[in-house]
Each structure stands twice: as C-alpha cells, then as structure tokens.
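What follows draws every value from the coordinates through simple rules; no lab data is involved. This is a predicted model, so every value here is computed, not measured. Don't worry about glycine lacking a Cβ; one is built from the backbone with ideal geometry, like all the others, and counts go over all protein chains shown.
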Number of protein chains: 2
Amino acid sequence: MNIQSLDNLTDFKRDLEVLEEKQFLLLVETNQDIIKVSTKTALKNLPKIFDEAIKIGNTKGFNATSLRDLSQATDMSLGKIYTYISAKDDLLLMLHSHYIKVIEDTFNQIGLPHKNPMDNLLLAVKAHLYLSQVFRPWFYFAFTESKHLNKKIIALAKESELKSDLYFRNIIQSGIQAKRFAAVDRNFTSSMIKALLQDWYLKPWKYAERNIDVDSYFKEIANLLTIYLTPKD
Amino acid sequence: MNIQSLDNLTDFKRDLEVLEEKQFLLLVETNQDIIKVSTKTALKNLPKIFDEAIKIGNTKGFNATSLRDLSQATDMSLGKIYTYISAKDDLLLMLHSHYIKVIEDTFNQIGLPHKNPMDNLLLAVKAHLYLSQVFRPWFYFAFTESKHLNKKIIALAKESELKSDLYFRNIIQSGIQAKRFAAVDRNFTSSMIKALLQDWYLKPWKYAERNIDVDSYFKEIANLLTIYLTPKD
DNA sequence: CAATAATGTGAACGATCGTTCATAATATAA
DNA sequence: TTATATTATGAACGATCGTTCACATTATTG
C-alpha cells in the first residue's frame, strides 16, 4: 500500500486485498486455541462466516441474528460454525479486531508523505473514503452495532477511533501552525470531517440515488475543506 | 412555539414541553383500542414506559431489551405494561410516531419567518439542534435502532426524513437563486448540514468531553456555513 | 486396500423470550 | 357500608435462542 494506490479505487482495492489476506492468516494463527481445524480449512470457511454475519447483521441486527440464520446463510451446520468460534460474542471479537487491524495497517503504510498539509489532509480523507467504500458493510456494521460490543472490543474500537481522530487533528494543527490553514477550531474541523466520512457509509442509498460515486463525493469534501481552510488575506 | 423561543434553550424547552403534552393526549386518544385504561391513568404511566424503553434500548439495544427489563425499570408488572401496548413492536410504533409528530409540529410552527435565506437556514439548524438536545435519547434511539423498525414506522421515518431534507434544500436553493449563496452543490450542502446535526446526538460524549454546549456547537456550524455559502466576488 | 485423522452433522438441553389470563387488589359508585 | 368497575399481578405456555456432543462422513496416511 502506497500513495499511488490511492490514485483510483481499483488499485486501492487490489492492494487492500493483499493486505487483508495477510491479516486473515495472522488471525487464524493467533486463534488456534479456538479454531479447531487446520489453517487451510479455516481460511476457506472463516471469511464466509464473517461476511454472512455482517450481511445478516446489517439487515436485522446482530442480536437478532441467530446462529441458525448464520448456519443457513453460510451453508454450514451449527456444529461446523462452532469449530471456528467459541461463542457468538467471540465471533464479534475476531471480526472486529481483524478489520481494525487491516485499517490501521493501511494508515501506517500510507503515513504523511506530503509536505503540504492540505495534500496530507486530502490524502487521509481519500484513504478513509476508499476504505469505507471497500469495507462498507463492516463500517456500517461496526457503527450501528457498537452498542452490543463487549468491553474488550470497545477498548479496541475506542483506541482506533482516538488514533484516527488524532491523525486528522495533527494535520490540521500543523497546517494552522504553518499558516497554510485558516485558524479554525481544530476539534470542530476534525469532527466535521469524520461526520462527512461517516455519512458516506451510514447512508449509502442516499448517494446511490443521486448517482454520486466515491470520487465525486471526495471532490465535494475537498472543495469544502479548501474553502473552509484557505487563510483569509 | 415561535422564533423567540429559539433565542435560548430554556425557553425552547418550556414551549416544547407544552407541545409534547398535547401530543401525548392525542396519542392516548388515538390508541384507545389498544390502551385498556382511562386516559388519566395512561397519561401517568405511558410516558414512563416510553422513557425507560428508550433508556434501556440505548444501552443494550431494543431487541435485547426484554419486557422483563422494562417491567423492572418502570416498576410495573408485565401485565400492566400490556394494558398500554398490544405487542413489543407496537411500543416502537407509538413511541416513534409520537416524537415524529412533536418534531414536525415544531417545524410547522416555526416556518420560514425571515427574508434573508441565511437567517432561515441558521434558524432551521438551531431548531434541529435544540430539538435533538431536548430529545437526545430518542434521536439516538431512532437512529441506532432504525434497523429494527417495521414497515409502518419506516414509512413514517422516511417521510419525516424527506421533509427535513427538503426543508434544508429549499432554503439553500432559494439562497442560491437570490445570489445570496455561492453556487454550491445543493445536495451535498444539505447532506453536510444533516451529518453535522447528527454528530451532535450520536456522539454526545465527544462534545461533553470538550465542554462544548449546544450553543457553541451552533456557532461553529454557523461560521462554517457562512464561509462556505458566502458568494465569492 | 485398511486405518487413522480431520471435518461435518443436527437432535437435544436448559435458559430466556413475548404474550396471555385467571385472579387479586384497589378505586369508585350506590 | 356494599357492590361494581377499574387496575395490577405474575405463574404458565409455546417458541426460539446459544451451545454441546455423540455420532456420521470425508480426507489423509501407511
């Protein structure tokens, strides 16, 4: 994953897939005490369990999703599912920590490559948008099901949330210090950016209806930030 | 409810309470086929059921909230609760339609009193913010539990959502036509406003941590909109 | 091929859920 | 006061849930 991958969604998606597969292998190896089958078998079945859990969870909520629902959707027996998880809650823990790690890896690999703070800011915005585009089901799932997380996952999620918050605030802060940005409220600005990013994955139907793809949405945000952050002379 | 009420939160809250009590009476009278007790008794107990249902629902989700939980929280027996609702789902229908009506009433009473489109826009923003401040638990509940709504409530919610969307877009549209606003994208702008409003009730802890009250949050949005919508000369 | 290991199955268990209703308790009217 | 109407109770029922495990099936090894 590098800056070039963020040129367009197709390249990004390709690179992200590689990153995700690596992370999946790590996940299976880390949870060998829970997963009672070989790594090969787990890599074949676990992703499907994740996918369907998110899919059903996004329509009826995870709490209302029974393991019998999941069994039917994945075409696996109840017993088979229980060779990959120790409990229903455990599924959430594995699933969320997997995606959180992939996302953090992505940002670590991108870093802050530009000298111009606006370039860095827009790059971060684009990376977030692309990530939520590719992993939209999970992003939606994680947000709307945040109530049902146990303490372990909440700790993970909060840590990740703080990191991304800091990521934006630091860029804005350095932009203001360098007098490249207007002296706006740092907290409000980063909150605003996050709210706009969230809207993208929380209300996909809205943007689909208006035929707005991720790149044109990015341009609108970029335009807003340019107007808002350009220093007044 | 009039423009003066929007001067400060205290006045708004007072006027809103009157409006809500009226609506509660209407609700009870409308549902006399379901509610098996006198109006007087219903007015005493139903609000408590609503309040506690929202409160528990906001911590563990409505689906995971059992009627036994609700029974304990309201200090009412299971049977007593069932003299006010016909089913668990029915509780949601009554609850949501009540709040939706109160909110629509509020906007109907405010209308578009100003000649300057920016004044109207900011008034609408403030009304939304104040509403979500006073009814924060319900706003949070309605958003995060939207998955579990049945078709009847979804229809209600979508209609209400469309109305408020149109409300903002019309103001922006007329502002642009009158050349008082820059020629921004109308859809994006109204989406942005709604995303910022949503952030206020979806992440109350964030703003509480930063000691930002509803009035200072309003000022930040007003500042952003002024910068974004002021026509370039 | 047979023997062993790995993987898959789904009936069964106890817990909890929404909902009902015979009955009790309380308030109102006569 | 007594009689009647209103309101409140919570045990009980059938359905569904997460989870287990004795067993069946399939794949791998020798």
statement: Descending packing, highest mean Cβ count within 10 Å first, for B:42-51, B:186-195 is B:186-195, B:42-51
query: Where does each of B:Ser164, A:Ser132, B:Ser216, B:Ser77 land when they are ranked from fewest to most other beta-carbon atoms within 10 angstrom?
result: B:Ser77, B:Ser216, B:Ser164, A:Ser132
message: Compute, for chain A, the length of the dipole vector about the Cα centre, with Cβ point charges of +1 (Lys, Arg) and -1 (Asp, Glu) only. Units Debye, rounded to 20.
response: 360
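Before anything else, pin down the relative contact order of region A:56-140: Cα pairs under 8 Å, at least 6 apart, normalised by residue count, whole percent.
Taking the mean separation of contacting Cα pairs over the length of region A:56-140, I get 21 percent.
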- line: Using alpha-carbon positions, the gyration tensor of the protein assembly as shown gives root eigenvalues a ≥ b ≥ c; with a/c under 1.5 called rounded, otherwise prolate if a/b exceeds b/c, else oblate, the class is oblate
query: Residue by residue through region B:188-200, which ³J(HN,Hα) values in whole Hz follow from phi under the Karplus form 6.51 cos²θ - 1.76 cosθ + 1.60 (θ = phi - 60°), with glycine and proline marked x?
result: 4, 5, 5, 4, 4, 4, 5, 5, 5, 5, 5, 4, 5
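Can you give the mean number of other chain Cβ atoms that lie within 10 Å of the Cβ atoms in peptide B:54-62?
On the way: counts 0, 0, 0, 1, 1, 1, 3, 8, 4.
Per residue, the average neighbour count from other chains is 2.
With r as the distance between the Cβ atoms of B:Ala208 and B:Lys179 and R0 = 51 Å, compute the FRET efficiency 1/(1 + (r/R0)^6) and round to 0.05. Each step should come with its number before you reach the end.
Values: r = 40 Å, r/R0 = 0.79.
With a Förster radius of 51 Å, E is 0.80.
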statement: Residue-ordered couplings for region A:171-186, obtained by feeding phi - 60° into the Karplus form 6.51 cos²θ - 1.76 cosθ + 1.60 and rounding to whole Hz (Gly and Pro as x), are 5, 4, 4, 5, x, 5, 4, 7, 6, 8, 10, 5, 7, 7, 6, 5
- prompt: What gaps in nm, shortest first, separate B:Ala64 from its twins in the other copies when you place the label 7 Å past Cα toward the beta carbon?
  reply: 1.5
task: Take every residue in peptide A:224-230, count the Cβ atoms of other chains within 10 Å of its Cβ, and give the average of those counts.
output: 3
- line: Subtracting the Cα-Cα distance of B:Lys36 and B:Glu161 from 0.36 nm times their residue separation yields 41.8 nm
statement: Given all pairs of distinct Cα atoms, region A:3-229 yields a Kirkwood Rh in Å of 19.0
- request: Could you work out the relative contact order of chain A, using alpha carbon pairs under 8 angstrom and six or more residues apart, expressed as a whole percent?
  value: 20
- prompt: Among B:Asp199, A:Asp33, A:Asp215, which comes first, then next, by fewest other beta-carbon atoms within 10 Å?
  reply: A:Asp33, A:Asp215, B:Asp199
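How would A:Asp233, B:Asp213, B:Asp15, A:Asp89 line up from fewest to most surrounding beta-carbon atoms within 10 angstrom? Mind dumping the intermediate values first?
Numbers: A:Asp233 3, B:Asp213 11, B:Asp15 17, A:Asp89 14.
Final ranking by Cβ density, sparse to dense: A:Asp233, B:Asp213, A:Asp89, B:Asp15.
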query: What ³J(HN,Hα) values, in whole Hz, does the Karplus curve 6.51 cos²θ - 1.76 cosθ + 1.60 give for region A:209-224 when θ = phi - 60°, with x put for Gly and Pro?
result: 4, 8, 6, 9, 8, 5, 6, 6, 5, 4, 4, 5, 5, 4, 5, 4
- request: Could you check the simple spin-label distance between A:Phe143 and B:Lys232, using points 7 Å along Cα→Cβ, in nm with one decimal?
  value: 3.0
- prompt: Measuring from a point 7 Å out along Cα→Cβ, what nm distances, shortest first, does A:Lys48 have to its partners in the other copies?
  reply: 5.2
